[in-house]
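None of the figures in this text is laboratory data; all of them are computed from the coordinates on show. Keep in mind that this is a model prediction, so the values were computed, not measured. For neighbour counting, all protein chains shown are included, and Cβ atoms are generated from backbone atoms with ideal geometry for every residue, glycine included.
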Amino acid sequence: MENYNLNASSVIWLNDTSIRLSISTSDSDWILANPDYLGIYRTKYDSRNFRLIINQLLSDHTRIPTITRGALIDDIFALSRTSLVNTSDAYELIRYLKDEIEFVPWTAAFSAMRLQEDLLTGQEILLDVQQYFLELVLPLYHKIGWEPIDQSKEWLRALLQPSVLSAACRYGHRECVEEARKAYRRWLSNPALNQIPATLRSTVYCTIIREGSQPEFNFLWDRLKQENVASETLNLLNGLACTQDPSLILWFLNQHLKINPIIRDQDLAASIQRIARSSHGNQIAWNWIRDNWEQLFIKWGKSGSSLSGIIEAVSSRFINSRQRDEFITFANSITNKGTAYRQFQLSLDKIYAAIEWNRVNLNGITAFLHPDNTGPDTTSHRLPSLAIPIHYNLYIKPYLNISDNNLRYSIFEGEVNITIKIIQTTDRIVLHKRFIFVRYPITLSMPGISVIRTIFDDERDFFTIIFNQTLSINTEFTINILYIGELRNDTYGFYLSSYVRSTDKVRRYLVASQMEPISARRALPCFDEPALKATYKIIVEHEQQYRAWTNMPIESTQNQSNGWTKTQFEKSVPMSSYLLALVVADFECLTQNNTGRYKNITTNYDQIA
């Protein structure tokens, strides 16, 4: 089409009696269906016409009207989610966005990008997808910047600014993150005077909470307690939901069920939904929802749509068979789903669709982003040969204050320092973890090297850590990871067990371990493959009523003033991760050395003759 102009002479109508329409065009002419979204339907183009439209967008996108450009983006991603077109075609169409400045196309694009991130949750390729999206956003980010925009003169540009800045910061653009920090520091220096533009507060709050730690979280929480303006309250809640700290996520969720919560009653459900939709809050929220279902049902299960919204939000990132099975098990355990009855089925349908979408599209997206076949292997369950472990320093602090209210699992705090050797030039390492929530930041022993991004592949238990620089072969360094783990009662990893003491019939709880064959990843982030041997040195902090044992002799014990004891063990020989062992209990250990080899038997006092 030489010169597109939406007028009577350029539009051809399909009447209500015809299902086919013949149009004569040259080989270089493209045809647009449903121009300016005159009809409420999606358009799927044949391959030849679609390529011509893409070429036009890349050469001069302004020849296609703004609304139609938005429709093209919206349609192609909607059709790709139903597998009517390849998602890689949608990625190719939006290549032109580097030159786009208009509100409508970018609004469609940002919506599509967020949905793509949900569908690719935990997939290693997500890092490359986000980098691709960032490259598309950056030209507009540099044009728009952080300066306030006069809404009376450029209202569409002003509306677009928060989305652009939010995307750039979310994708880890350091300049964007630093600008948000500067705005926050100015506010922190004079809390009574918030000079952050109202339209940018949600973006700034989310960024400083996501990139910060407990002091930033506490500051926003204190502001929330004082706030009485509804719009600012929502900004603060949105920011608090961005925390990546698992302990803060759980604490924040628990505030929603207080008898007299700080959070306004009308904001409670939406706030839970925001946490549940976040990449770092999703799994914690899922556990929390299951643990607190009765309270949630009493509050919202009999009227309104709040409970449905919570189920929809927490399931929005479920994309694999393990998550599907957990969801089905939970749904089947609830006899009365109340107002969320229909949502459980809708969410399950979406989970099945997400699993199928990944099966159909994952390889195509990888091929688009890595045409030279250098993309991540999305099928192998073996760790990539990038690095090997040399030594683990492991600190474990289990909490055995079990009651009827938290019987499903207790928790333990952990810290691991892994000495690693690079064996293939890389900008990343991949560890295993399962039911472990990392507390950021992750730190390294090498000056100038930092972690810029992490991603968790729930299907394969892969925890990918991306650095700001490429590391050369034979580089050795130590990486420090703080985390929280779950003490489940399913006999894998560090798990929760119990016995009934015969003297008083009181149930006593303990920590035991079973790492074989692949459950060390439940105890610590590690290279959980038998061939990847390393030495271990373990410190266990436990209440003084308990004792601790590993498969190495005790080196020292030190009682703390708070009623806890630190037990330190000798360094192990190089061993596979599945040989790691730990018991924390009110047991006694009997040691025999009749044959020249030590044999330890650990049991409760009742069993000692």
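What is the sum of charges, Lys and Arg at +1 and Asp and Glu at -1, for the other residues whose Cβ falls under 10 Å from the Cβ of ILE538?
Values: positive: LYS537, LYS571; negative: GLU555, GLU570.
My count for the surroundings of ILE538 gives 0.
With 10 angstrom as the radius, rank PHE435, PHE477 by how many other C-beta atoms surround their C-beta, starting from the fewest. Write out the running numbers ahead of the final one.
On the way: PHE435 21, PHE477 17.
Lowest to highest Cβ neighbour count: PHE477, PHE435.
Mind listing which trypsin sites (Lys or Arg not before Pro) in segment 274-342 are in a DSSP loop and have 14 or fewer other Cβ atoms within 10 Å?
Working: sites: ARG274, ARG277, ARG290, LYS299, LYS302, ARG317, ARG322, ARG324, LYS337, ARG342; in loops: LYS302, ARG317, LYS337.
For trypsin sites (Lys or Arg not before Pro) across segment 274-342 that sit outside H, G, I, E and B with at most 14 neighbouring Cβ atoms in 10 Å, the list reads LYS302.
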- Query: Which of TYR341, ALA276, TRP288 sits farthest toward the positive end of the charge dipole of segment 244-379, with +1 on the Cβ of Lys and Arg and -1 on the Cβ of Asp and Glu?
  - Reply: TYR341
- Query: Once the principal axes of the Cα atoms of segment 113-266 are found, what is the range along each, listed largest first in whole angstroms?
  - Reply: 46, 42, 28
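Would you calculate a helix-derived [θ] at 222 nm for the chain, using -39,500 (n - 2.57) for each DSSP H run of n ≥ 4 and dividing by the full residue count, to the nearest 500? Let's see the in-between values first.
Numbers: 17 runs with 230 residues, N = 609.
Here the helix-only value at 222 nm equals -12000 deg cm²/dmol.
What's the exposure ranking of PHE467, PHE133, going from fewest to most Cβ atoms within 10 Å? Working shown, then result.
Working: PHE467 20, PHE133 24.
Fewest-to-most Cβ neighbours within 10 Å comes out as PHE467, PHE133.
If you take the alpha carbon radius of gyration of segment 244-379 and divide it by 2.2 N^0.38 Å, what ratio comes out, to two decimals?
Cα Rg divided by the expected 2.2 N^0.38 Å: 1.21.
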- Message: In 5 Å bins starting at zero, report the fraction of Cα pairs in segment 387-607 per bin as a rounded %.
- Response: 1, 7, 13, 18, 19, 16, 11, 8, 4, 2, 1, 0, 0
- Message: Counting each pair of different Cα atoms once, what's the Kirkwood radius of the chain in Å, rounded to one decimal?
- Response: 27.3
- Protection-proxy order for peptides 187-200, 359-372, each taking the mean of Cβ atoms within 10 Å per residue, highest first: 359-372, 187-200
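Among the listed pairs LYS533/LYS566; LYS302/LYS337; LYS299/LYS337; LYS299/LYS350; LYS225/LYS302; LYS421/LYS566, which have their C-alpha atoms separated by more than 19 angstrom in this model?
Details: LYS533/LYS566 26 Å; LYS302/LYS337 9 Å; LYS299/LYS337 13 Å; LYS299/LYS350 26 Å; LYS225/LYS302 29 Å; LYS421/LYS566 30 Å.
Too far apart for the 19 Å limit: LYS533/LYS566; LYS299/LYS350; LYS225/LYS302; LYS421/LYS566.
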- Message: So for each of 501-512, 209-220 I average, over its residues, the number of other beta carbons within 10 Å; can you give me the resulting order with the highest mean first?
- Response: 209-220, 501-512
- Using alpha carbon centers only, segment 104-165 is separated from segment 482-531 by a whole-angstrom value of 43
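When Rg is the radius of gyration of the Cα atoms in segment 25-139 and Rh is its Kirkwood radius, what does Rg/Rh come to?
0.95
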- Lys and Arg at +1, Asp and Glu at -1: neighbours of SER497 with Cβ under 12 Å from its Cβ sum to +2
- Message: Taking the Cα centre as origin and putting +1 on Lys and Arg beta-carbons and -1 on Asp and Glu beta-carbons, what dipole magnitude results for the chain, to the nearest 20 debye?
- Response: 1200
- Message: Charges at C-beta only: +1 for Lys and Arg, -1 for Asp and Glu. How large is the resulting dipole of segment 244-379 about its Cα centre, in Debye rounded to 20?
- Response: 440
- Fewest-first ranking of LEU482, LEU58, LEU97, using other Cβ atoms within 10 Å as the exposure measure: LEU58, LEU482, LEU97
- Sum of side-chain charges, LEU524 neighbourhood, beta-carbon under 12 Å (Lys, Arg +1; Asp, Glu -1): +1
